[in-house]
Amino acid sequence: MRVSAFLFPFFILFFSSTSFASEYLTCNQCITSSSFLKRALNKLESELTIRGIEENVYVANFNTGQVYGWKIKGFYKFDTNGELIPQWNIYSLSLPTSVKKVVADSQSSPMVVAAQSVIEVPKESGFSSAWDVARNTSNRAALDQWVHDNLPTTYWTTNLTSILAGTFGVSALEGIELLFKFEDGSTLLMRTSKTQEATLTLKYIPNSSQDTDKNIIADAGQGFAGEYTFSSEQNMQAFLDRASVYGIKIVDISYGGGSGGGNIKITMVDLK
């Protein structure tokens, strides 16, 4: 039996039925409605059998508070070559009040509030800049440990999972993004990884580190060739000084802009 890519007719109809089994899924990186639907179909495809499947599926992003629902019927059908392929009938659902409420309530939980805010990292933490994490991979686990030692992560997780008990549950903790800001103005993002028993673990998001002017700080093992824009010569020099500390040698810098006190744009070429 060969399983091909998704083939599904789309019916733009609305239902409020609760007569089918319900599945609650989290997709904290989904933005568009199609990405939410893809998450739902990926899950149901893994459960589809020759007997077919029929469920109400709700998919939520707790970073943004978005939630979508569909009634999805999946079944196998013979194609013109006599091979079974999956077919999907998809109907948009009017969200039940209970689903709307738990997602709305989650947005005031300490975990989500933290994700929608900026977490300040003091120099006393041992981290003076996002450079320390971007260019030193061992510091990524150390930053995760600092978070657990200094922020109420256990309360965050128990509070959010209690709000979502019986619906999205622990799955809501996976993929929540937290923004960290250091004393030099640089920032980076950490994302909650797959959790078990509501244990929160943060993983560094590759290429998320930026200086105070939002220039990308290349991760360890990556070069710095490209264009950078700085709001002042002081910020530019601070960037170059940091690069020097980590052994990054720039062989050519060309300047553009900067006239009349505007931004300073430079192009850097890595040493080969």
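Numbers for the structure displayed
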| read-out | value |
| --- | --- |
| Pairs where the first residue, in the stretch 141-152, is under 17 Å from residue 199 (Cβ atoms) and the second is outside any helix (DSSP H, G or I) and among the small types (Gly, Ala, Ser), C-beta under 8 Å, 6+ apart | 146/126 |
| Matching residues in the stretch 109-123 - criterion: being modelled with pLDDT of 95 or more and over 19 Å from the mean Cα position of the chain (by Cα) | 120, 121, 122 |
| Options 131, 88; residue that is over 30 Å from residue 200 (Cα atoms), touching a residue at least 40 places away in the same chain (Cβ under 8 Å) and of a type in the set (Phe, Trp, Tyr) | 88 |
| The stretch 76-96 - residue that is out of contact with any Leu (no Cβ under 8 Å at 6 or more places or on another chain) and part of a strand (DSSP E or B) and, of those, nearest to residue 31 (Cα to Cα) | 93 |
| Test: residue 142 is surrounded by 14 or more Cβ atoms within 10 Å (Cβ to Cβ), out of contact with any strand residue (DSSP E or B) (no Cβ under 6 Å at 6 or more places or on another chain), outside any loop (DSSP other than H, G, I, E, B) and of a type in the set (Gly, Ala, Ser) | yes |
| Selection within the stretch 97-123 - among the charged types (D, E, K, R) and not in a helix (DSSP H, G or I) | 120 |
| Long-range neighbours under 8 Å by Cβ, at least six apart or interchain, first residue without any contact (Cβ under 8 Å) to a residue 40 or more places away in the chain within the stretch 96-107, second among the aliphatic types (A, V, I, L, M) | 100/67 |
| Exclusive hit being of a type in the set (A, V, I, L, M), closer than 20 Å to residue 161 by Cα and in contact (Cβ under 8 Å) with a residue 24 or more places away in the chain, set 21, 60 | 60 |
| Members of the stretch 179-212 found to be part of a loop (DSSP other than H, G, I, E, B), touching a strand residue (DSSP E or B) at 6+ places or on another chain (Cβ under 8 Å) and free of Cβ contacts under 8 Å to residues at least 40 places away in the same chain, listed by number | 193, 205, 207, 208 |
| Among residues of the stretch 96-135, those that are among the hydrophobic types (A, V, I, L, M, F, W, C), buried (at least 17 other Cβ atoms within 10 Å of the Cβ) and out of contact with any Asp or Glu (no Cβ under 7 Å at 6 or more places or on another chain), counted | 11 |
| In the stretch 214-240, the residues that are part of a loop (DSSP other than H, G, I, E, B) and free of Cβ contacts under 8 Å to residues at least 40 places away in the same chain | 214, 215, 221, 222, 231, 232 |
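The values are calculated or read from the model by the stated rules, or taken from the named source; none is laboratory data. Note that the structure is a prediction, hence the values are computed from the model and not measured. Cβ atoms come from the backbone with ideal geometry, glycine included; neighbour counts cover every protein chain shown.
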